[in-house]
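No lab work stands behind these numbers, since they all come straight from the coordinates. Just so it is clear, the model here is predicted, and its values are computed rather than measured. Please note: Cβ atoms are built from the backbone with ideal geometry, for glycine as well, and neighbour counts cover all protein chains shown.
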Amino acid sequence: MTSHTEQPLPEFDNPPVNEVVCGVLFRSVDNLLAPHLGLLWDRFKAEYPSCQEAPPIIPIIEGFGEGAARNKPEFAEIPPLPRVWFVHANGNGIIQVQRDRFLHNWRKLNAENTYPRYGHVFGRFLKHLGTLQEFVAEHKLGAVEPLQYEMTYVNHIYKDEGWAANSDVGKIFADFGWRAEQERFLPPPEGINWRTTFVLPRKMGRLHASIQNGESREDNRPLFVFELTVRGMATEKSLPAMQGWFDMAHEWIVRGFADLTNERTQNDVWRRTR
């Protein structure tokens with residue numbers, strides 16, 4: 001799968017990445033029952049000793065063309081299972097499993113945590129997905145048949161890192177600015193919530209970009225949450241094709257981040273090196 005451009009990807013010494021998620025949506029493995037989740041946890045427990053439950057994620061399928069089933073969920077006709085989290089001993093890694101989805105998260109819990117870069121995060125996802133596939137095959141539960149891949153980068157852009165008020169949003173995101181004329185009727189915006197989408201080459205998915213207000217968990221410091229998600233599917237379901245799709249998704253997220261953010265902030269705050 002060829003790169004969108006021959007130029008090297010932008011790089012930053014201090015990127016504002018707070019969380020990265022790699023995932024795959026697959027046909028519901030209806031034979032996967034609650035007891036199996038406990039057995040599956042045994043495969044991960046040495047590294048991921050904590051377990052939590054969460055509601056299942058409703059599928060969203062990207063579609064194209066007239067009459068396409070865009071954002072059409074699929075529902076299993078059996079009692080739902082919870083989505084289970086297996087949490088890494090250091091708290092930074094999370095494996096998420098439900099009947100039709102597998103995700104691996106890296107998350108930043110404090111200022112000392114350093115984003116380990118795409119290769120590491122994707123490698124962990126690939127390794128643990130392989131464990132799930134082996135488990136499903138060994139217990140004769142069916143097969144993991146991919147329907148869609150997904151990758152998400154969540155960035156936290158803190159107040160005073162290039163902006164001081166919501167009306168400064170254009171200082172970070174030049175395409176979404178607030179005109180500060182003195183004669184305006186409306187006051188500066190109380191909140192920001194902006195979303196848009198971009199179609200990938202050959203309609204292999206979409207890049208979803210969103211900006212909204214948030215607060216840090218540690219000290220309630222105001223921030224912009226800048227989320228970039230790519231969802232779609234490779235042209236075939238082989239492992240090389242999946243790897244190529246994720247490489248493309250990563251490229252679109254990194255180049256999209258650089259395209260949508262202000263060059264001065266990139267250099268002064270995130271210390272762009274390339």
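Spread over its residues, the convex hull of the C-alpha atoms of the chain is 163 Å³ per residue.
A crude spin-label estimate for the pair A54 and E11, with each label 7 Å from Cα along the Cβ direction, gives 3.1 nm. Between the Cα long axis of helix 118-138 and the first principal axis of the chain there is an angle of about 20°, rounded to the nearest 10. From a point 7 Å beyond the Cα of E236 in the direction of its Cβ, which residues of the range 130-148 have a backbone N at a distance under 18 Å? Hits in the range 130-148 for E236 at 18 Å: 145-148. Neighbour counting of Cβ atoms within 10 Å sorts the residues H208, H104, fewest neighbours leading, into H208, H104.
Between the beta carbons of R195 and A46, assuming R0 = 35 Å, the FRET efficiency works out to 0.30 to the nearest 0.05. Shown for the range 68-220 is the translational diffusion coefficient from the Stokes-Einstein equation, using the Kirkwood radius over Cα pairs, a temperature of 37 °C and a viscosity of 0.692 mPa s: 167 µm²/s. For the chain, the longest principal axis of the alpha carbon atoms and the long axis of helix 239-260 meet at an angle near 20°. Quick one: grab the alpha carbon gyration tensor of the range 196-257, order the square roots of its eigenvalues as a ≥ b ≥ c, and give me rounded if a/c is under 1.5, else prolate or oblate depending on whether a/b is larger than b/c. Since a/c reaches 1.5 and a/b is larger than b/c, the shape of the range 196-257 is classed as prolate.
With contacts taken as Cα pairs under 8 Å and at least 6 residues apart, the range 17-268 reaches a relative contact order of 20 percent. On full extension, the segment bounded by E138 and Q182 gains 9.0 nm, given 0.36 nm per residue less the C-alpha separation. Between A165 and H120, the modelled label-to-label distance comes to 4.0 nm, taking each label 7 Å out from Cα in the direction of the beta carbon.
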